[in-house]
1. Have a look at Ala39, Ala26, Ala57 and point out the one that is surrounded by 12 or more Cβ atoms within 10 Å (Cβ to Cβ), free of Cβ contacts under 8 Å to residues at least 12 places away in the same chain and within 18 Å of Arg103 (Cα to Cα).
2. Quick one: is Ala109 surrounded by fewer than 11 Cβ atoms within 10 Å (Cβ to Cβ) and at pLDDT below 65?
3. Might you let me know whether region 8-22 holds any residue that is more than 11 Å from the chain's Cα centre (by Cα), at pLDDT 85 or above and of a type outside the set (Asp, Glu)?
4. So which residues in region 55-71 are of a type in the set (A, V, I, L, M) and either in a loop (DSSP other than H, G, I, E, B) or touching a helix residue (DSSP H, G or I) at 6+ places or on another chain (Cβ under 6 Å) (or both)?
5. Go through (1) modelled with pLDDT of 90 or more; (2) within 19 Å of Gln5 (Cα to Cα); (3) hydrophobic (A, V, I, L, M, F, W, C); (4) in a helix (DSSP H, G or I) one by one and return the number of the condition Ala74 breaks.
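The values are calculated or read from the model by the stated rules, or taken from the named source; none is laboratory data. The structure displayed is predicted, hence computed values, not measured ones. Don't worry about glycine lacking a Cβ; one is built from the backbone with ideal geometry, like all the others, and counts go over all protein chains shown.
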Amino acid sequence: MVALQQVLVVDDGVRAVDHSLSGELAGLGYASVTASLEAADDVLAVIAPPAAVLVQAPARRDPAYARRAARLRARMREKGIPVILIGENGDGRGGAPVDLAMRLGACVAAKPDY
């Protein structure tokens, strides 16, 4: 049996049932762990390195969240883990499963093997 690739979903703690990234990821064949941005470092310390990190932007602009997300992106870049920003620029999540599959697939395929 092939193990599922694991993805870390980082958000602001507000999780709408109709926009569940975990559900979309499961449908694409990925296992996922969802954590708030504040808990991301603790979660990363106890799970295997993820195939990618999805950072879900909050519905309203939050400069403090953006700064913390930028620091997380920089740390993940140093480790060769791709980070995909979801919900930026008011994308409205239109066509989300297809877009997510394309973006995630491209990032994971380009990730170096360790």
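1. Ala26 is the lone residue from the list that is surrounded by 12 or more Cβ atoms within 10 Å (Cβ to Cβ), free of Cβ contacts under 8 Å to residues at least 12 places away in the same chain and within 18 Å of Arg103 (Cα to Cα).
2. yes
3. Looking through region 8-22, none of the residues is more than 11 Å from the chain's Cα centre (by Cα), at pLDDT 85 or above and of a type outside the set (Asp, Glu).
4. Start the filter on region 55-71 by keeping residues that are of a type in the set (A, V, I, L, M), which leaves 55, 57, 59, 64, 66, 69-70.
Those that are of a type in the set (A, V, I, L, M) and either in a loop (DSSP other than H, G, I, E, B) or touching a helix residue (DSSP H, G or I) at 6+ places or on another chain (Cβ under 6 Å) (or both): Val55, Ala57, Ala59.
5. For Ala74, the failing item is (2).
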